[in-house]
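First comes the structure, then the notes that go with it.
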Amino acid sequence: MQKDLMNGMKKVLVVFLVCFLALITYMAYFTVFQAPTIADRSDNKRLWAKRNEVLRGTIYDRDGRALTKSERGDTLTQKREYVYGDLFTHALGFVDVRYGITGLESAYDSELMNTKNTMFNIKEALKTFNIKEAFSNRQTKEKIGNSLGTTLDYDLQKLAYDALGGNKGSVVVLDPKTGDVITMVSKPTYDPNNLEANWAAINTNEDSPLLNRATQGLYPPGSVFKIITTASALENISGVTTKVFPDSTGKIDFGGGYSLSNYGGTVYGNLNLKDGFRKSSNVVFGTLALELGNQKLRETAEDFYFNKSIPSDGFSIAKGRFPTLESYEKGSIAQTGIGQSSILVSPMQMALVASTIANNGVMMEPKIVKNILNVDGEVVNTIKDKEVGTIIPGDDAKLIASYMKEVVDNGTVNSSYFSGTNAAGKTGTADHMDKNGKPATPHSWFVGFAPYNNPKYAIAVIVENGGIGGGKAAQIAGTVLKAAVNQ
């Protein structure tokens, strides 16, 4: 009996010992690995006073123009000012003790706060040859976070902002060779300098000014998606460049009262791929989608990172969506060829599509920071250019680029919008429904690049409910590209 009792006690002690060791192990793990992460989280309100011991670093545009300022209040507070009000709101985000941290401010928060700044400066010690004095100076000197040198161009941002005017939509400009984000405009916007007074109005606004339409807005692409359909056809359909597409009625008839028509019901007659692209024939691209089938067109779309997370630095991009359809869904499959059905995409992703064509089929990772600067203005880190990958063969990209050049020179756009730019592009008129489920005025799209022979700028413009793509969106794109090419 006593022996059984002793054995029972031993078992209980073993259980308690195991539990104790597990608890100690978890506490050690939490302290070493999890606690620092939680302590550094921007939503940890208890640590704002501690955070404010470091004056937040400045964010600059690509030419060294300060876009933010931080001023000391008392020892435990500081005021963050956005120098140009709502001009860079969606690119930079905001930092606020009550409403948190968003955008670039959040992505690079640790650098802007530079918690490593508590170390004394060895360079100061070497300059003075007095380590004790250097350490003493470091203890009394204002702690200032690192600054960011961004890829953003103030002049082009302001021009794009003004060109978009009172329209809802977005303008994105990239460097196709590096992935640098030169312009990121989203409207409607808001002034981040006085969130306390305006938050209720901003947060309840039906036009969603908090939404960064450039990266998080998802829209049907309409005919700008024909770039991807063309890429898929070049890869999968032998002899497609010389194939003749008959168009005697201006529509594809699926039976049962369902059809896919050219814009305005235009009848183009016989077309090859080049002219089908130039004239943006829905008959040609609906026919291509049917011949490709859902799987092949979806595979090409996914090569362009639809249904995937796009790598990026300094911001995130909403996943573009391309549907999986059954073979009998002929109407929907044909609609995908012209960028309709249930396809959705952000302006940033369409800018990357244009950028990939401009860069001979290679997609570059988009980034918004080019370097990190210390308190003395010295570069301490450079953000390198990164390839996402070769999306399509270079020869295919060059052929599509030549088709896009034809669109601007003799296609669905007023070529005077782009005079002096040597631009190439594609218009898009994207059908969609309003909030009541009724057909709304189409969104207006333009994507392209310039100059054609040595692309330096890739652009995507969407104007919500802007009508035909060759109108408002193309005009805005032309205004921005003219300034970019000639600056």
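The values are calculated or read from the model by the stated rules, or taken from the named source; none is laboratory data. These figures come from a predicted structure and were not determined experimentally. Note that we place each Cβ from the backbone using ideal geometry, even for glycine, and neighbour counts take in every protein chain shown. For accessibility, only protein heavy atoms count, side chains too; no ligands or nucleic acids. Shrake-Rupley method; radii C 1.70, N 1.55, O 1.52, S 1.80 Å.
For the reader, a short list of remarks on this structure follows.
- Of the listed requirements (1) in contact with a helix residue (DSSP H, G or I) (Cβ under 8 Å, 6 or more places away or on another chain); (2) hydroxyl-bearing (S, T, Y); (3) closer than 19 Å to T178 by Cβ; (4) open to solvent by 50 Å² or more (accessible area, probe 1.4 Å), T479 misses just one: (3).
- Where a residue in the stretch 197-209 is open to solvent by less than 70 Å² (accessible area, probe 1.4 Å) and its partner, wherever it lies, is of a type in the set (F, W, Y), with Cβ under 6 Å and at least six apart: I202/Y190; P209/Y190
- Being under 19 Å from the mean Cα position of the chain (by Cα) and part of a loop (DSSP other than H, G, I, E, B) holds for only one residue in K384, K370, and it is K384.
- Residue tally, condition open to solvent by 10 Å² or more (accessible area, probe 1.4 Å) and either closer than 22 Å to T356 by Cβ or at pLDDT below 95 (or both), over the stretch 154-181: 4
- Scanning the stretch 238-265 for residues that are among the hydroxyl-bearing types (S, T, Y), under 19 Å from F225 (Cβ atoms) and without any contact (Cβ under 8 Å) to a residue 24 or more places away in the chain returns a single hit, S261.
- Qualifying residue in the stretch 383-405 (condition: under 26 Å from L92 (Cβ atoms), in contact with a Ser or Thr (Cβ under 7 Å, 6 or more places away or on another chain) and surrounded by 21 or more Cβ atoms within 10 Å (Cβ to Cβ)): no
- Sole exception among (1) under 24 Å from I182 (Cα atoms); (2) touching a residue at least 40 places away in the same chain (Cβ under 8 Å); (3) in a strand (DSSP E or B) for T429, by number: (1)
- T151 vs. criteria open to solvent by 10 Å² or more (accessible area, probe 1.4 Å) and within 15 Å of the chain's Cα centre (by Cα): no
- No other residue among G331, G377, G339 is touching a residue at least 24 places away in the same chain (Cβ under 8 Å), open to solvent by 20 Å² or more (accessible area, probe 1.4 Å) and in a loop (DSSP other than H, G, I, E, B) apart from G377.
- Figure legend. Inter-residue proximity from the stretch 384-405: first residues hydroxyl-bearing (S, T, Y), second residues not in a loop (DSSP other than H, G, I, E, B), beta-carbon distance below 7 Å, spacing 6+ or different chains. Indicated pairs: T390/V362; Y403/T230; Y403/K274; Y403/F277; Y403/R278.
- Residue match in the stretch 178-189 (condition: in contact (Cβ under 8 Å) with a residue 40 or more places away in the chain and more than 16 Å from the chain's Cα centre (by Cα)): yes
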